[in-house]
Amino acid sequence: MLNLVTLTSFAMKKSILSLFILTFMFLQLPAQKLKDALYLSNGSVIYGKLLEIADDKYKIQTSDGSLFVYSSGEVEKFIKESPGFDRRKASGIGMALEAGVLVGSQSSQLDAPFSFNILVNYTTDTKNILSFGSGVEFLGSSFTPLFLEYKRLFSDRKATPFVFFRGGGLVHLGDEDADEGSYPYQYNYARDYKGGASLGFGTGISWAGEESETYLSFGYRYARTSYKQRDYNDITYTYKNNYHRLEIKFGFKF
């Protein structure tokens, strides 16, 4: 019978494969998205959703919610096409979804703990992004991270590297966890998990689309957890876990 460590290792390998598949899918999204395009006689091109053509007028709504009406004399042609990259978001509130693994060779239960986060962010001056995030991470048990992140883009181009700094803590989810019941845990004494500090910094690369961006990051990650467990002599011990890992994450920001 497969033990818990073997099953977890298998699950992590599947998670890494899924991560690469999602990366490929998300990178293809900008190229597949078509929009209505009005080519105007003054040389401008308006992208958005064409709402109506009536009374010799074209009514189109752009991605920021603005509504424009043009007479047929102002419009040279109307087609559907994938808009080219214009510019990155200059400012405003957004959200991001990211998933990844913590890779490293050290003594711990998991070779590559998996994490999934949701971030609410605010962009200023195009290149500065401040985020608050949370989600779930599995570090021997399930934890919720709570953190602040500052990201600095190197440029406002479509593809640009960036650096990031992240700090916060981990909160344990759920009640005490029982061991799997095999040596050396044959007594099935529950583990009372506690969270701890979580810090990270690193670099990555971002690819911007018209309304969203994808990114891949690599960085150092430190995480601390602990648990208390009673043994068969009715003595309670405290065990501390310190993770020093390479964190690899893929994200989708919109």
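All of the numbers you see were taken from the coordinates with simple rules; none came from a lab. In this text the structure is predicted, and so the values were computed from the model without any measurement. Note that each Cβ is placed from the backbone with ideal geometry, even for glycine, and that neighbours are counted across all protein chains shown.
Listing Ile118, Ile235, Ile79, Ile60 from the residue with the fewest other Cβ atoms within 10 Å to the one with the most, what is the order? Before the final figure, lay out each step's value.
Numbers: Ile118 14, Ile235 8, Ile79 11, Ile60 23.
Ascending Cβ contact count within 10 Å gives the list Ile235, Ile79, Ile118, Ile60.
Percentage of Cα-Cα pair distances in the range 34-81 greater than 14 Å, rounded to whole percent? Walk me through the numbers before you get to the answer.
Working: 468 of 1128 pairs.
Of all Cα-Cα distances in the range 34-81, 41 percent exceed 14 Å.
Sort Lys240, Lys151 by Cβ crowding within 10 Å, fewest neighbours at the top. Before the final figure, lay out each step's value.
Working: Lys240 10, Lys151 23.
By the 10 Å Cβ count, ascending: Lys240, Lys151.
Report the local net charge at Thr123: Lys and Arg +1, Asp and Glu -1, summed over other residues whose C-beta lies under 15 Å from its C-beta. Mind showing how you got there, number by number?
Numbers: positive: Arg87, Arg88, Lys89, Lys127, Lys151, Arg152, Lys253; negative: Asp64, Asp125, Glu149, Asp156, Glu211, Glu213.
Charge balance in the 15 Å sphere: +1.
Report the local net charge at Gly196: Lys and Arg +1, Asp and Glu -1, summed over other residues whose C-beta lies under 9 Å from its C-beta.
+3
Under a Cβ-only charge scheme (Lys and Arg +1, Asp and Glu -1), can you give me the dipole magnitude of the range 34-81 about the Cα centre, in debye to the nearest 20? Intermediate values should be presented prior to the final figure.
Details: 6 positive and 8 negative charges, 29 e Å.
My answer is approximately 140 debye.
In the structure displayed, which of Lys89/Lys253; Lys57/Lys89; Lys80/Lys127 lie more than 22 Å apart, Cα to Cα? Please list the in-between numbers first.
Details: Lys89/Lys253 11 Å; Lys57/Lys89 30 Å; Lys80/Lys127 31 Å.
In this structure, Lys57/Lys89; Lys80/Lys127 exceed 22 Å between Cα atoms.
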